[in-house]
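Quick note: the coordinates plus some simple rules give every number you see, no bench work behind them. Not measured: the values here are computed from a predicted model. Positions of Cβ are backbone-derived with ideal geometry, glycine not excepted, and every protein chain shown enters the neighbour counts.
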Amino acid sequence: MSLRLDLQRIIREGMINFWRNKLVSFSTIVVMTMALLVMTSLLFLNAVLGFSLQQLQDRVDVNIYFFPDVPESEILVLQERLEIIPEVRDVQYISREQAFIDFQERHKDDELINRSLDELGDNPLGASLNIRAFESTQYEAVITAVESEPVVVNSEFVERINYYDNKNLIERLNQFSDVVRLVAYAVIIFFGIVALLVVLSTMRIAIFSAKNEIVIKRLVGAEHRYTRGPFVVMGALYGIASALLTMIALYPMTRWVGVYTKTFFGGMDVFNYYLMNAFQIFIVTLTLGIIIGVVSSHIATRKYLKI
């Protein structure tokens, strides 16, 4: 019972101090809101980069080209066998006829190729299988599995596999993806530390205005929890208020930026991302705000608790 009353007293005193020092509270909330906006903006940037990388990965595939006289039934059996490989996302069968139509469409303005096709009088292209993995790092494992298939080993069936043509591109994409993710996480951590230091400085100013109150509590023998507790509550309230303001500010910001991200980042609309993930973003922002506020107030009061 005593613990509950102590907790209620600490919370009440913290709320009173929060409302009493309106100017200091306003300044601290503004600084924390700016810090949270920077951190959440980095989260959005990370999401955009991840989306763009996924778009690039989706464009990377492996094709198996067959000779024109390979029976369609053999290719369809191979397709079914490849679809059960865990790393394979999908396998698309492109018939001889469809390959010929696509080839004609791509080269419809090339008179030399069109004349050559007319002279041949027949479809010279074979069918193919288009294989896409879940991740670009999985293609090597996929190719190992593909090359173990009897149909693929048969040199009379398979004309070529373009994996080795694209191998360097796939490896560079994997390296680029790793570097981008590493840089994104490093930037988020860096600005998180910067935000904590900035808010800490602001919290020290807020607590400095109440240093006499802290000193008096220490002189009369008050325990640390009674002295520090109200300021920790203040820090948490700063974090809650800052998180709410951050979510409000993100609405017009993402709506404005979303127009440009749809054009420059492969079609991702950050405004739609914000609307679809608003609850999760709020939880992350609220947690960050409370942690920054509580940790900052906890550190800022340590100096006066030593008196």
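At-a-glance table
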quantity	calculated
Burial ranking of peptide ranges 290-297, 255-262 (average Cβ count within 10 Å, highest at the top)	290-297, 255-262
5 angstrom amide H check on residue 133, placed H, neighbours 5+ away	89
For region 1-98, alpha-carbon Rg over 2.2 N^0.38 Å	2.45
Check: region 54-146 dipole with +1 on Lys, Arg Cβ and -1 on Asp, Glu Cβ, in debye	220 debye
Label-point separation, residue 256 to residue 291 (7 Å along Cα→Cβ), nm	2.9 nm
More than 18 angstrom apart: percent of Cα pairs within region 68-156	53 percent
Ranked by how many other beta carbons lie within 10 Å on average, peptides 141-153, 95-107 from highest	141-153, 95-107
Dipole-positive endmost among 128, 113, 139 within region 68-156 (Cβ charges, Cα centre)	139
Region 68-156, relative contact order in percent, only Cα pairs under 8 angstrom and at least six apart counted	40 percent
Spin-label model distance (nm) - residue 201 vs residue 298, 7 Å beyond Cα toward Cβ	2.3 nm
Label-point gap, in nm, between residue 12 and residue 81 - each point 7 angstrom along Cα→Cβ	7.8 nm
Cβ-Cβ FRET estimate between residue 187 and residue 100, R0 fixed at 45 Å, reported to 0.05	0.35
